[in-house]
Each structure stands twice: as C-alpha cells, then as structure tokens.
Amino acid sequence: MKSWIQSANAPDCEFSPRNLPYGVFSDDDHRPRCGVAIGDMVVDLARLEAAGVVKCTDRPVFDAPALNAFMALGRTEWARTRARLIDLLTDGGDAALSSNAALRREALRPMNSVRTHMPIEVAGYTDFYASKNHAVNVGTLFRGPENALPPNWLSIPIGYNGRASTVVVSGTPFRRPLGQMKPADADLPIFGPCRRLDFELEMGAIIGTSTEMGTHLSVAQAEELVFGYVLLNDWSARDIQAWEYQPLGPFQAKVFATTISPWIVTQAALDPFRVSTPPRERPLLPYLHENGPMLYDIDLEVALAPAGGGETIVSRTNYREMYYSSAQQIAHHAIGGCRMETGDLIGSGTISGSVAGSQGSLLELTKGGRSPIDLAGGVQRSFIEDGDTITLRGRAKGDGYLVGFGACMGTVLPAPESPR
Ligand code: CA
C-alpha cells in the first residue's frame, strides 16, 4: 500500500499509509480540530468534512477540539471512515483529494507547522498493574521477595481509579510534586518536594463507545469498545507512594501528571500485530477468558535527556510482555456494573521485560535508587531530576512499513514553593 504523499512510504516512517492515527491539532488560526497523521503531513479532517469528501453522519464530528463525537459513533463508522481515508490517501484510490490542488493546499498541513493538543476529552482514567515482571520487581522492593506478588495478582487485573483532570498531551511540562513522605530513618513524615520522581512506561487504551450502567461485558465485547491506543507515561512519586499506598493504593503519588502521545493508533491499524497473552500460571475465572490474541507486538523504548544534554535510551521492551490484555482489564472493570464511557483512558500498567534494561521504570532500573544508571556525557541518574525530559516511543514493525505512535514527551520543572 503506497501513498501519493511520498514521505509516508519511507520504510522508517512511523505514520505509514497503514497507520492513519487520529489526533487534534491547530495551526496559525489556533482552532483545534481533528486530523489524521500520514508521513510528515497532517490531514485536516474538518476541512475534508466541510468539502463533503469525508462524511460520517448528518452532522459534522471533526470540527471539534476532541475526537469524542467521532469515537461515540462506534465501530461501523470507524471502519467506514478508515476505508474512506485509505481510498483518498493511497495510490489508485479516489482522486477527490489528490487531484484537487486547492483542497490539497487547505487540507494538508506539514506536521512541523502544527501544534498537537489532547486528542480526547478524558472521561475517566483508570490505571492497571498488569506486567508480572513489574509487579514482582516493585513488590520485592516495597515488601520483600516473599510478599512480592499479592495473592490476588494471578486472578485479578489489579487497578485503581486515577484522575482525568491531570492527563496532558506530549510536550506539556509540569512541576515536581510536593507531598508527604517518610524517610526510612525517620519516625515521623516530612513534607516537601518529591525526591524519588519516576516515569512509568505504559500503553493507554481509549474507550470509544459507552456502555449502560449495570451491564457487564465479555472480554470480546470489552475489546469492541476500544477505539485505539496511545503511549502513556504514568509519572510516579515513589517516596510519596511508599508512605501512602496502604491500604487503598496510590493517591497523591500519581495524580500530578499523566502524559499521553498525541496520535491515537486505531485497533484496526494494530490488527496485524496481535499476539497472545502468556500462558496462565493459575486458571482465570471464565469472565476473563480471551477468545483470541488480544495483546500487540509493539517495540517500546524510554529516553532520558538532562537539561541541555543529549538523550540516552534507558529502557527497551515490548507490549507483548503483559500478563493481562486491555480487553481483560476492561471486562474486569465493567463486571460489577461500572459504566464505561466514551473517552475513558485505561492505563495498561508499567510494561517491564525480564532482562536487564527492559524495565519500564527507574525504580526497577536502578533497584530502588541503589544502582544509578549511566547516561551519555558521564551523567548518572537514580531518579528524575529537575529539567530532565523523558520521551517514550513505540513502533509495530510490519513488512517494509511501521505503525508508530510518535513521541510521548514531558519535561519536569522545579517544585512550586511549599505552602506555609
Ligand atoms: Ca502505573
């Protein structure tokens, strides 16, 4: 499949004609609207809709600062629109755009001239804990090896309800959080800037269609709700987390920022890269059974760049390392009657491999800060310092093409002054 937008055909292009991820962008007019990334261009879907070249329903859905209205239309419309975009953007298809110079000028924007925004209005944010390597590594550091994996872990996709209000798009800086923590050698807690700030490498599944409160879903039905996936950095304050997390889980340690990549890669684009979850170490209850492969083979990496310095890749892993799929997590989420909503963001949980350098957090990579990692230029890190930029990247590799996610990047600013 080749596009007449030549940059999309390069074998190392993340936005190949088979990808077509959706996002929200603005240019000089500062009007955020929906678009599709292809090659080094963004296709203005609002413009194509206004020209009648793309049409979903009786009313426009793309001239909006979020994809929620389009997502809510459901799978049939997602498939129809994707087919239409492939027809318009590939060689030998409908020439309504490729042969119309005026429309091409208006609707095709160079990627480097636009600003990307949050692609969705986040309805709710739930974060899971679904990589066994990560759960064992973190559990060992927090509770010792004999209590590393909680007794429920092999039966339940464990999660907690996070905050939608502080989910931000790649490129949004944020301040180091303040909070309460208790140093190991102290009797009482102290207050101040987090000292053990970390990243978490995750994928985020985005719910496209809502369910009714009180209904439950099979794993297959749960998967049908998913519009697509983004990269997700679940920034974590480890010292605040260690002091607060029992008995109800993370609270302040995770709510100050969650960064997602700007382009939503659809489930349809990821379909050729499906892989199965690993063998079950304990049989799952029937409501969590998968009827097919529901993970994806996506290479992932994390880069750390100090202020003014070059970046170092500090972790490489793959999404297929997970024990539970997003579909299983969503089925579990809904089983008690919880309503799933258009715009819900479902964090996979930190993705960690089993070999050195494949862990999805500094907590694991530095063994709780005891073994700092070496960066380019002779710099070392145990945890994130002010001015550091963390960038997540993800790519599924096809035969001669890529389905990539673009960067999920964030820079940490100094903490605000403490309140008196
Ligand atoms: Ca997390």
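For residue 158, nonlocal amide neighbours, meaning residues 5 or more places apart or on other chains whose placed amide H falls under 5 Å from its own, are 129. As a proxy for reagent exposure, 1, 322, 41, 118 were ordered by neighbouring Cβ count within 10 angstrom, fewest first; the result is 1, 118, 41, 322. Taking the number of Cβ atoms within 10 Å of each Cβ as an exposure proxy, the fewest-first ranking of 373, 120 is 373, 120. Could you give the length gained on full extension between residue 82 and residue 280, defined as 0.36 nm per residue of separation minus the Cα-Cα distance, in nm? That pair, residue 82 and residue 280, stretches by 67.8 nm at full extension. When the chain is treated as a GNM with alpha-carbon contacts under 10 Å, the residue of 148, 334, 303 showing the greatest mean-square fluctuation is 148.
Would you work out if the stretch 165-296 is rounded, prolate or oblate? Take a ≥ b ≥ c from the square roots of the eigenvalues of the alpha-carbon gyration tensor; rounded if a/c is under 1.5, else prolate when a/b is larger than b/c, oblate otherwise. Verdict is prolate for the stretch 165-296. Given +1 at the Cβ of Lys and Arg, -1 at the Cβ of Asp and Glu and no other charges, the dipole of the chain around its Cα centre is 120 debye to the nearest 20.
Taking a point 7 angstrom from the Cα of residue 115 along the C-beta vector, which residues in the stretch 251-287 have backbone N less than 18 Å away? Answer for the stretch 251-287: 260-263. The residue list 203, 133, 261 was ranked by how far each Cα lies along the charge dipole of the chain toward its positive end, using unit charges on Cβ atoms, and 133 comes out on top.
Note on the stretch 88-145 and the stretch 46-64: Cα centroid distance 21 Å, given to the nearest whole angstrom.
Report the local net charge at residue 115: Lys and Arg +1, Asp and Glu -1, summed over other residues whose C-beta lies under 12 Å from its C-beta. My count for the surroundings of residue 115 gives 0.
Counting only residues at least eight positions apart within a chain, or on another chain, the lysines with an alpha carbon under 23 Å from that of residue 397 are 2. Here the spin labels are modelled as points 7 Å beyond Cα on the Cα-Cβ line, and at residue 221 and residue 6 they lie 5.1 nm apart.
Couplings 3J(HN,Hα) of the stretch 86-96, computed from phi: 4, 4, 6, 9, 10, 4, x, x, 4, 8, 4 Hz, in residue order, whole Hz [Karplus 6.51 cos²θ - 1.76 cosθ + 1.60, θ = phi - 60°; x for Gly and Pro]. How about residue 55: which aspartates and glutamates have a C-alpha closer than 14 Å to its C-alpha, ignoring those fewer than 8 places off in the same chain? The reachable aspartates and glutamates, counting only those whose Cα sits under 14 Å from residue 55, are 44, 63, 77, 87.
Among 168, 152, 120, pick out the residue whose Cα is farthest towards the positive end of the charge dipole of the stretch 81-182, where Lys and Arg carry +1 and Asp and Glu carry -1 on C-beta, about the Cα centre. Going by the Cα projections, it comes out as 168.
Local charge sum around residue 95 (other residues, Cβ-Cβ under 14 Å, Lys/Arg +1, Asp/Glu -1)? Counting the neighbours of residue 95, the net charge comes to -1. Subtracting the Cα-Cα distance of residue 187 and residue 75 from their residue separation scaled by 0.36 nm leaves 34.8 nm.
Considering every alpha-carbon pair of the chain, the percent of pairs per 20 Å bin, from zero through the bin containing the longest distance, is 27, 57, 16, 0. Annotation for the stretch 124-177: trypsin sites (Lys or Arg not before Pro) lying in DSSP loop with at most 16 further Cβ atoms inside 10 Å of their Cβ are 163.
In loop segments of the stretch 244-280 as defined by DSSP, the trypsin sites (Lys or Arg not before Pro) with at most 12 further C-beta atoms inside 10 Å of their C-beta are 280.
Here's the picture: charge each Lys and Arg Cβ at +1 and each Asp and Glu Cβ at -1 in the chain, and of 242, 405, 90 the one pushed furthest to the positive end of that dipole is 242.
Taken one residue at a time, the phi angles of the stretch 275-289 give Karplus couplings (6.51, -1.76, 1.60, θ = phi - 60°) of 9, 7, 5, x, x, 6, 8, 8, x, 8, 5, x, 5, 9, 6 Hz. Gly and Pro are set to x. The antiparallel fraction among DSSP beta bridges confined to the stretch 125-413 stands at about 85%.
Taking a Cβ cut-off of under 11 Å around residue 232, the surrounding Lys, Arg, Asp and Glu residues balance to a net charge of -4, with basic ones at +1 and acidic ones at -1.
Qualifying trypsin sites (Lys or Arg not before Pro) in the stretch 1-105, where qualification requires a DSSP coil assignment and no more than 16 other C-beta atoms within 10 Å, comprise 2, 55. If you take the square roots of the eigenvalues of the alpha-carbon gyration tensor of the stretch 6-117 and sort them as a ≥ b ≥ c, do you get rounded (a/c under 1.5), prolate (a/b over b/c) or oblate? Rounded is the answer for the stretch 6-117, as its axis ratio a/c remains below 1.5. Taking the fewest neighbouring Cβ atoms within 10 Å as the starting point, the ordered list for 63, 87, 58, 388 is 58, 87, 63, 388.
For the chain, the longest principal axis of the Cα atoms and the long axis of helix 132-143 meet at an angle of about 30 degrees.
In this simple spin-label approximation, residue 104 and residue 175 carry label points 7 Å from Cα along the Cα→Cβ vector, and these lie 4.9 nm apart.
Among 67, 197, 285, whose mean-square fluctuation peaks in a Gaussian network model of the chain (Cα, cutoff 10 Å)? Residue with maximal mean-square fluctuation among 67, 197, 285: 285.
Computed 3J(HN,Hα) for the stretch 376-391, one whole-Hz value per residue from the Karplus formula 6.51 cos²θ - 1.76 cosθ + 1.60 where θ = phi - 60°, is 4, x, x, 8, 10, 9, 9, 9, 6, 9, 4, x, 5, 10, 10, 10, glycine and proline marked x. Partner lysines whose Cα lies under 18 Å from the Cα of residue 132, excluding those fewer than 8 positions away in the same chain, are identified as 367.
All of the numbers you see were taken from the coordinates with simple rules; none came from a lab. Worth saying up front: this structure is predicted, and the values here are computed from it rather than measured. Positions of Cβ are generated from backbone atoms using ideal geometry, with glycine treated the same way; all protein chains shown enter the neighbour counts.
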